[in-house]
Amino acid sequence: MSRLTHSEIHMVHRIGWLRAAVLGANDGLVSTASLVVGVAAAGSAQGEILIAGLAGLVAGAMSMAAGEYVSVSSQTDAEQADLAREAKELEDTPEAELDELTGIYIGRGLDENLARQVAVQLTQKDALGAHARDELGISETVMAQPIQAAVVSAMTFAAGAVIPLIIALVTPVAQTSVFVAGTTLIGLAVLGGLGASAGGAGIVKGALRVTFWGALAMAATAAVGMIFGVAA
Ligand SMILES: [Zn+2]
């Protein structure tokens, strides 16, 4: 297994956050722009369009936060349960746990003597910490933080969602659909490219993929808006 350098580990961690942020902003942009385009296509006044868009922003941000909080909390629960089990095993069978830790270090390339020494010293210093980090892959720095994840998720959603709202605010109501759709497609292309490059994938392909689905979503809501607008 290739060893990651310290800065690479941080890079991987940052890329993880960047991708989550890009996806959150993407969701906010597509869902709010589609809502605004749909309500505008129904022939609504600017005030109604803005209220619908704002309600969509708040509802979307809250549901993203709730979803993220629940999913990260269950991850935290699983981590806590693993740590509690590990603590019990350390209490009940300390020798077997020491052998296990030694085995992990031998597996990483240390010779038996050195592996044993390292295992003994790390166990004396912080047995649970050593097992959590080297056996379970849980460490303080990457431990799941539900509140932080929920807040970041809501903020990135809102950051994407506010774009079509601003466009709807500054453009004449007759051109709202066109301007919102146009700026949203540009925004999606940028986010799609950014997300793809963060994941090491092709930028153009990533941009086209996200833009295609965004266009489809806005076309669908515009159609619904027009149908119900005419019927009203
Ligand atoms: Zn263990």
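Brief remarks follow.
- Heavy atoms of Phe179 accessible to a 1.4 Å probe, total area in Å² rounded to 10: 100 Å²
- Counting only alpha carbon atoms, the long axis of helix 203-231 and the longest principal axis of the chain meet at about 40°.
- Here the extension length gained between Phe212 and Val170 equals 12.6 nm, from 0.36 nm per residue of separation less the Cα-Cα distance.
- Relative contact order of the stretch 86-136, pairs being alpha-carbon contacts under 8 Å that are 6 or more residues apart, as %: 43 percent
- Applying D = kT/(6 pi eta Rh) to the stretch 86-136, where Rh is the Kirkwood radius over alpha-carbon pairs, T corresponds to 10 °C and eta to 1.306 mPa s, the Stokes-Einstein value obtained is 150 µm²/s.
- Measuring only protein heavy atoms, the 1.4 Å probe finds Asp99 accessible over about 80 Å².
- Tilt relative to the chain, helix 146-170 - C-alpha long axis, 0 to 90 degrees, to 10: 20 degrees
- Relative to the longest principal axis of the Cα atoms of the chain, helix 176-198 runs at roughly 20 degrees.
- The value obtained for the stretch 20-76, namely the Cα convex hull volume divided by the number of residues, is 62 Å³ per residue.
- Our analysis of the stretch 97-186 gives Rg over Rh at 1.50, with the two radii drawn from alpha carbon positions and Rh computed by the Kirkwood formula.
- Pairs of alpha carbons in the chain whose separation is greater than 25 Å (percent): 57 percent
- Extension gain for the segment Leu110 to Glu95, taken as residue separation times 0.36 nm less the Cα-Cα distance, is 3.5 nm to one decimal.
- Residue-averaged 222 nm ellipticity for the chain, from DSSP H runs of 4+ at -39500 (n - 2.57), nearest 500: -30000 deg cm²/dmol
The values are calculated or read from the model by the stated rules, or taken from the named source; none is laboratory data. Note that this is a predicted model, so its numbers are computed, not measured. Remember, those area values only see protein heavy atoms, side chains included, never the ligands or the DNA or RNA. Shrake-Rupley method; radii C 1.70, N 1.55, O 1.52, S 1.80 Å.
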